[in-house]
């Protein structure tokens, strides 16, 4: 049985009237499962036979469980009986916590004693789009404090959407002598000082990946803070650090990092500087090219042979950057095109004519990110060559609602016809048709992630004028492996009835400006058993729709609803009836604090939690 | 009901809608206005402005389209500019200019010279400087001949020619 079970307190179990065994079967596998699998140790022994542990058996079990790495499997194992729970807790080295507020740091350290790797996620995704006021929470501080004491041998920390301060990074660097990997994705709150401390103190550091994070420029030369001598660095990504770096120090670092495979530079590294790095590190497999634009050069000066540098990087399979690229140098990457599996042009305003000579050699590309500046024509070129494409993301060059939108269903359909192995798509456009969606649903049966953003709100099929219901209906019906869906355009409740009917594997659903009534929400909550993350904005769903999911919220990671038609009373009722679910409501910054007469709820964010409401909620958040 | 009297203002009365006054609002229209993520005070001000100036347009929606802020305003592409006789090349971002006059003025400032007047038949007259560009096909063209959008998407680099070479590009040979 590969399914998880949310261990609930006895009160909750009584409420839901589930016995332990049927509860185990009815819950879907969940990636937030490690939080879910925590049990209050004192009370239950479920199917446990012997009252006292058999040490021999436990030793055997320990040796066997070492081989189990999947968190779903481990969660299932921990539910067999108390003895197994104990052994599993001793042998779990990697812990994944999908919502940092689903449990307290103490609970983590009490249960798992030998953690070497921690993955923690904080804010919900809609926070990326300014829908959450600042200082909402998700601080790393209590976590680093607890783990510093409990896990001195911690090697790896991976954080997403957390608030991390320089002090936190300092504590991390000081507390874990064997620390190897730090990955910060979409984080904020720290600066170059914090990075410098990590660089300096973590002598075993293999991975320092700063991805899409906001890094304050403390004007600290952090690159120079890496210690002298050979480093263990395998991956260094600082393309999101928007401050200049000491190039000479970077060059020196690269020279003494023989294990370096991934290097993602920022826009302050010019093309000629990049050249120097490439020449010194031809073993690189992944390169973030920085600005891809040369410094102002004297007219007569000999330019470096950029193509030769690329040619020398025989292992290069992943290219990104191009943050300020100068078009005439783009052909320099041609020598590596045939080997590339991943190409990220999404910071580069590349026209179809610039793209075509490059992409025609990229037969092995599996991941391609670009701006819509490549136009339908560029997408057709991709479709013609990139038969191995698995993931496509096309971002808008002009991300406004009423922008021109150079791509449409034409490029979309071309991709569906040319790239049959497509698994994941993110597509921003202004014009789309149901026909194109249906075509993709039929041509690309392996789709697991389908995210379409028609930027003009409520836009129908631009050819027929009808809502986009049928197109999305085809996607959920034909793409039987679909786990993530984001919808857009003019959508009626009908679209949601399709989602509820066919979206049996959907775990993440994103809805904005869609639907007619509470029925839409009800279709989804009643129809999608695997739903974990539901994020909704600006849709006409209210208290009735909210209540239709009462049986689901314990089995979900979170529900987000903003600018819908929820009332405070309705949310309060939910909070009252679901004791292990935290119900947060908040509005925009300038809400009056004492405006309790307001019944309208601007934002609802609710999630299950084993340790009750958090103590660090800011003033603007009300926990019902 | 989502909307109620807030701060003694009955916002429903002043809310923009497409139907006649007094008819029952649809939920959808309510949503259109509620999309503006601000408190009701700000909403009220904005709708009032719209009534005065122009037909209902979409007000600024927070976080839509859902593109992270670090992706916006990020796509810069520089084009190298050289001028005959100048020791250094320069770089400019063509997207910062909306038309030829803006571009030419910027070039004049950058290299401290005057370009002279453009006319379709005879190119640039008067100064001995001729702005040219290399297009996507590798051909050197005179700046100004094609529509701006076409130019800005196909220009790979710029060169300001002067003297004898410049006259070779005069109307006679084009």
Problem set entry | Number of the condition not met by residue B:153 [criteria: (1) within 14 Å of another protein chain (Cβ to nearest Cβ); (2) surrounded by fewer than 17 Cβ atoms within 10 Å (Cβ to Cβ); (3) in a helix (DSSP H, G or I); (4) in contact with a helix residue (DSSP H, G or I) (Cβ under 9 Å, 6 or more places away or on another chain)] | (2)
Exercise. Would the range A:294-306 turn up any residue that is crowded, with 19+ Cβ neighbours inside 10 Å, over 26 Å from residue A:258 (Cβ atoms) and touching a residue at least 40 places away in the same chain (Cβ under 8 Å)?
Worked result: no
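Return yes or no: is residue B:94 in contact with a helix residue (DSSP H, G or I) (Cβ under 7 Å, 6 or more places away or on another chain), within 12 Å of another protein chain (Cβ to nearest Cβ) and modelled with pLDDT of 80 or more?
Values: in contact with a helix residue (DSSP H, G or I) (Cβ under 7 Å, 6 or more places away or on another chain): yes; within 12 Å of another protein chain (Cβ to nearest Cβ): yes; modelled with pLDDT of 80 or more: yes.
Criteria met by residue B:94.
Let's see how each residue does on (1) farther than 14 Å from residue A:101 by Cβ; (2) buried (at least 21 other Cβ atoms within 10 Å of the Cβ); (3) more than 14 Å from every other protein chain (Cβ to nearest Cβ); (4) touching a residue at least 12 places away in the same chain (Cβ under 8 Å):
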| position | (1), (2), (3), (4) |
| --- | --- |
| A:123 | no, yes, no, yes |
| A:127 | no, no, no, yes |
| A:130 | yes, no, no, no |
| A:136 | no, no, yes, yes |
| A:152 | yes, no, yes, yes |
| A:157 | yes, yes, yes, yes |
Exercise. Is it the case that some residue within the range A:88-111 is on the phi > 0 side of the Ramachandran plot and surrounded by 21 or more Cβ atoms within 10 Å (Cβ to Cβ)?
Worked result: no
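I'm trying to understand the selection: among the residues of the range A:428-447, which are crowded, with 17+ Cβ neighbours inside 10 Å and out of contact with any helix residue (DSSP H, G or I) (no Cβ under 6 Å at 6 or more places or on another chain)?
Here is the first cut: in the range A:428-447, the residues crowded, with 17+ Cβ neighbours inside 10 Å are A:428-434, A:436-441, A:443-444, A:447.
The answer is A:428, A:429, A:430, A:431, A:447.
Yes or no, residue by residue, for (1) within 14 Å of residue A:469 (Cα to Cα); (2) more than 14 Å from chain B (Cβ to nearest Cβ); (3) at pLDDT 95 or above; (4) in a loop (DSSP other than H, G, I, E, B):
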{"site": "A:482", "(1), (2), (3), (4)": "no, yes, yes, yes"}
{"site": "A:488", "(1), (2), (3), (4)": "yes, no, yes, yes"}
{"site": "A:495", "(1), (2), (3), (4)": "yes, yes, yes, no"}
{"site": "A:499", "(1), (2), (3), (4)": "yes, yes, yes, no"}
{"site": "A:510", "(1), (2), (3), (4)": "no, no, yes, no"}
{"site": "A:530", "(1), (2), (3), (4)": "no, yes, yes, yes"}
{"site": "A:539", "(1), (2), (3), (4)": "no, no, yes, yes"}
{"site": "A:545", "(1), (2), (3), (4)": "no, no, yes, no"}
Exercise. Can you tell which of A:198, A:241, A:254 is assigned to a loop (DSSP other than H, G, I, E, B) and buried (at least 16 other Cβ atoms within 10 Å of the Cβ)?
Worked result: A:241
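Step by step: first the residues of the range A:289-342, then only those that are assigned to a strand (DSSP E or B) and within 14 Å of chain B (Cβ to nearest Cβ), then the one that is nearest to residue A:273 (Cα to Cα). Which residue is that? Let's see the steps before the verdict.
Just the residues of the range A:289-342 that are assigned to a strand (DSSP E or B), to begin with: A:289, A:298, A:318-320, A:342.
Those left that are additionally within 14 Å of chain B (Cβ to nearest Cβ): A:289, A:298, A:320.
Working: A:289: 10, A:298: 16, A:320: 16 Å.
Within the range A:289-342, the match that is nearest to residue A:273 (Cα to Cα) is A:289.
So that you can scan it fast, the table gives a plain yes or no per residue for (1) over 30 Å from the mean Cα position of the chain (by Cα); (2) modelled with pLDDT of 95 or more:
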residue: A:304; (1), (2): yes, no
residue: A:310; (1), (2): yes, yes
residue: A:319; (1), (2): no, yes
residue: A:335; (1), (2): yes, yes
residue: A:350; (1), (2): no, no
residue: A:358; (1), (2): no, yes
residue: A:362; (1), (2): no, yes
residue: A:371; (1), (2): no, yes
Exercise. Residue A:353: more than 14 Å from chain B (Cβ to nearest Cβ), surrounded by fewer than 24 Cβ atoms within 10 Å (Cβ to Cβ), out of contact with any strand residue (DSSP E or B) (no Cβ under 9 Å at 6 or more places or on another chain) and not in a loop (DSSP other than H, G, I, E, B), yes or no?
Worked result: no
Problem set entry | Residue that is nearest to the other protein chains (Cβ to nearest Cβ) [pool: residues in the range A:171-191 that are farther than 24 Å from residue A:259 by Cβ and crowded, with 21+ Cβ neighbours inside 10 Å] | A:186
Exercise. Which one of the conditions (1) over 20 Å from residue A:483 (Cα atoms); (2) modelled with pLDDT of 95 or more does residue A:404 fail to meet, given that it meets all the rest?
Worked result: (2)
Problem set entry | Flag for residue A:69 being touching a residue at least 40 places away in the same chain (Cβ under 8 Å) and surrounded by fewer than 18 Cβ atoms within 10 Å (Cβ to Cβ) | no
Seminar exercise, completed: Within the range A:270-288, of all residues that are in contact (Cβ under 8 Å) with a residue 40 or more places away in the chain and surrounded by 20 or more Cβ atoms within 10 Å (Cβ to Cβ), the one farthest from the chain's Cα centre (by Cα) is A:271
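The values are calculated or read from the model by the stated rules, or taken from the named source; none is laboratory data. Quick caveat: nothing in here was measured; it's all calculated off a predicted structure. Positions of Cβ are backbone-derived with ideal geometry, glycine not excepted, and every protein chain shown enters the neighbour counts.
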